[in-house]
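I have placed the structure first, in the form of structure tokens, so that the comments after it can refer back to it.
The values are calculated or read from the model by the stated rules, or taken from the named source; none is laboratory data. Since the structure is predicted, the reported quantities are computational estimates derived from the model, not experimental observations. As a convention, Cβ positions derive from the backbone with ideal geometry for all residues, glycine included, and neighbour counts pool all protein chains shown. Protein only, heavy atoms only, side chains kept; ligands, DNA and RNA dropped before computing areas. Shrake-Rupley method; radii C 1.70, N 1.55, O 1.52, S 1.80 Å.
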Amino acid sequence: MNKQYCMITTTFDNKQEAENVINILLEKRLVSCCQLSNISSKYHWKGNIEIADEYIVHMKSKKVLYKEIESEILKLHSYEVPQIVMYDIQDGYKQYLEWIDNETK
């Protein structure tokens, strides 16, 4: 069976909140890996251009788990409208994709 893989990204303004979400997603085996980086963001919000230091999280998983991942993030996220975006992984190193399979439910 050919599984569909994805990368999901979200951002947080608080590192501890990001780490909490990461830990829960890993414990529930919804993601195989999360990468956390500090970024600078500029965006439109409620009629203004905002500038913020944020933390971006890149998560690797299976597409069939996306809605569950999104639901968990929304339960825990402090943003009114968080960025939660899924990207298809079109192809990848076979052993890495097998690892995603083995590390997620």
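Key figures
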{"read-out": "Local net charge near S41, Cβ-Cβ under 12 Å (Lys/Arg +1, Asp/Glu -1)", "value": "-3"}
{"read-out": "Surface per residue (accessible, 1.4 Å probe) for the range 26-76, Å²", "value": "63 Å²"}
{"read-out": "Pairs from K15/K94; K3/K42; K28/K94; K15/K67; K42/K105 whose Cα-Cα separation, in the structure shown, is over 29 Å", "value": "K15/K94; K3/K42; K42/K105"}
{"read-out": "Estimated distance in nm for a label pair at N102 and H58, the labels positioned 7 Å out from Cα along Cα-to-Cβ", "value": "2.2 nm"}
{"read-out": "Partner aspartates and glutamates for K63 [C-alpha distance under 17 Å; skip if fewer than 8 residues away on the same chain]", "value": "E72, D88, D91, E98, D101, E103"}
{"read-out": "Relative contact order computed over the chain (Cα-Cα under 8 Å; 6+ residues apart), in percent", "value": "42 percent"}
{"read-out": "Principal axes of the chain: Cα extent on each, largest first, Å", "value": "48, 26, 22"}
{"read-out": "Order of exposure, largest accessible area first, which applies to K46, K63 with probe 1.4 Å", "value": "K46, K63"}
{"read-out": "The range 28-70 shape via C-alpha gyration tensor axes, a/c threshold 1.5", "value": "oblate"}
{"read-out": "Rounded percent of accessible protein surface that carbon and sulfur make up, the chain, 1.4 Å probe", "value": "49 percent"}
{"read-out": "Extension gain, E80 back to N20 (0.36 nm per residue minus Cα-Cα distance, nm)", "value": "19.8 nm"}
{"read-out": "Of V21, I56, Y93, farthest towards positive along the dipole that unit charges on Lys, Arg, Asp, Glu beta carbons give the chain", "value": "Y93"}
